[in-house]
Amino acid sequence: MELRGKQKRFLRSEAHHLNPIFQIGKGGLNEAMILQIAEALEKRELIKVSLLQNTDEVAEEAALAIQKHIHCEIVQIIGRVIVLFKPSSKEKYQTISAKVRSV
């Protein structure tokens with residue numbers, strides 16, 4: 001699902017109040033973390049991931065790696081914070097994606 005400008009703007013406003021639920025640290029981005037991010041996206045649809053100061057990862061590269069593995073949308077990258085969106089496959093979790101389609 002390719003997001004349009006208005007949809008990204010809506011998702012950015014929804015993500016503004018969220019706290020990052022994943023932190024990429026010294027260990028970097030690994031398969032276990034990508035799996036956990038995928039599971040969180042399935043339930044929440046919209047999450048923030050932050051990169052700690054002690055990591056060697058670059059936010060853009062980490063976001064692209066996550067996008068490649070999970071097939072999610074990168075909504076925004078600000079400094080060391082990445083906002084990701086993926087519509088849930090389960091109907092009971094599709095609260096944000098239902099609003100995004102109507103925008």
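So if I restrict to the alpha-carbon atoms in the chain, what is the Rg, and what is Dmax, the biggest pairwise distance, in Å?
Values for the chain (Cα only, Rg and Dmax): 13.1, 40 Å.
Which value, in Å² and to the nearest 10, is the accessible area of Lys92 when all protein chains are kept and the probe is 1.4 Å?
150
Tell me, what is the FRET efficiency for Lys26 and His71 to the nearest 0.05, using R0 = 30 angstrom and their Cβ-Cβ distance as r?
0.65
Grab the beta carbon distance between Gln94 and Leu52, set R0 = 41 Å, and tell me the FRET efficiency rounded to 0.05.
Rounded to the nearest 0.05, the efficiency is 0.85.
Got a number for carbon plus sulfur as a percent of the chain's accessible area, 1.4 Å probe?
49
Select from the range 1-98 those GluC sites (Glu not before Pro) which occupy a DSSP coil region and have at most 12 other Cβ atoms within 10 Å, ordered by residue number.
Here the sparse-neighbourhood loop sites are Glu2.
The values are calculated or read from the model by the stated rules, or taken from the named source; none is laboratory data. Computed from a predicted structure; not experimentally measured. Positions of Cβ are generated from backbone atoms using ideal geometry, with glycine treated the same way; all protein chains shown enter the neighbour counts. Only protein heavy atoms, including side chains, enter the accessible area calculation; ligands, DNA and RNA are left aside. Shrake-Rupley method; radii C 1.70, N 1.55, O 1.52, S 1.80 Å.
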